[in-house]
Amino acid sequence: MPAQPCHPAETVAELKCSYQEQNLPVTDGSRELHSLCAQLEFLLQFDLKEKRSFFGQRKDYWDFLCQGLARCRQEHEGIHFVTSLDKLKTPVGRGRAFLRYCLVHRQLAESLQLCLLDPESLCEWYYARSPFLSPKRRAEILGSLYELDCVTFHLALEPRWRVVMPCSLGGDLVVLSAVSPLGHWYGPAR
């Protein structure tokens, strides 16, 4: 694991360039999309303090996002949408779905910025090495994410748990048991 998380600016630039060259929406098959989502998830989990719910379940960046948005707005449409998805059982799965929802609705940078407004909340959720605690790094990250507001995303927002995909080696069809909201393949635990 790197000492400091990477900055998504390069991936955002690649994604924007690909989008502008092709003049097509970004879809689930985009390599740059997968890279961006993995980087965002890493940033949101980097130096996150371990917290537990009343029932002992580990809290994750999904819980941080929910709390941050609850402090700023009555109700965020993305939070409502994600909580309505019965197949999503874990905070990480909900967090991934929320990031995708925000990309599709061009709300990612704004939603994250709302969560990062309260310094006390940031200190409550993150240790000192988190880039979100540095005003300069936070501004750089948000600035690059605001550049995505001009990109159109056509992404599947509901998880697909059984998908047939062509295998890259021989063209055969392979049935995968689970596909996460980010398009990565995981086992049946949700």
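The values are calculated or read from the model by the stated rules, or taken from the named source; none is laboratory data. The structure presented is a predicted model; accordingly, all values stated were derived computationally and were not measured. Neighbour counts run over all protein chains shown; Cβ positions are idealised from the backbone, glycine included. All accessible areas refer to the heavy atoms of the entire protein, side chains included, with ligands and DNA or RNA removed. Shrake-Rupley method; radii C 1.70, N 1.55, O 1.52, S 1.80 Å.
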Using a 1.4 angstrom probe and counting only protein chains, how large is the accessible area of Leu114 in Å², to 10? 40
Unit charges on C-beta of K, R, D, E only; dipole of the stretch 1-145, Debye: 340
In the stretch 54-131, GluC sites (Glu not before Pro) in a DSSP loop with at most 11 other beta-carbon atoms within 10 Å: Glu75
Given a 1.4 angstrom probe, I'd like the percentage of the accessible area of the stretch 1-142 that is carbon and sulfur, rounded to a whole number. 53
Given a 1.4 angstrom probe, what's the average accessible area per residue across the stretch 1-112, in square angstrom? 51
Compute the length gained on full extension between Glu10 and Glu75: take 0.36 nm times their separation in residues and subtract their Cα-Cα distance, giving the result in nm to one decimal. 20.2 nm
Cross-link pairs beyond the 31 Å C-alpha cut-off, checked among Lys51/Lys136; Lys51/Lys87; Lys87/Lys136: Lys87/Lys136
Of all chymotrypsin sites (Phe, Trp or Tyr not before Pro) in the stretch 55-94, which ones are in loop regions per DSSP and have a Cβ with at most 11 other Cβ atoms within 10 Å? Phe55
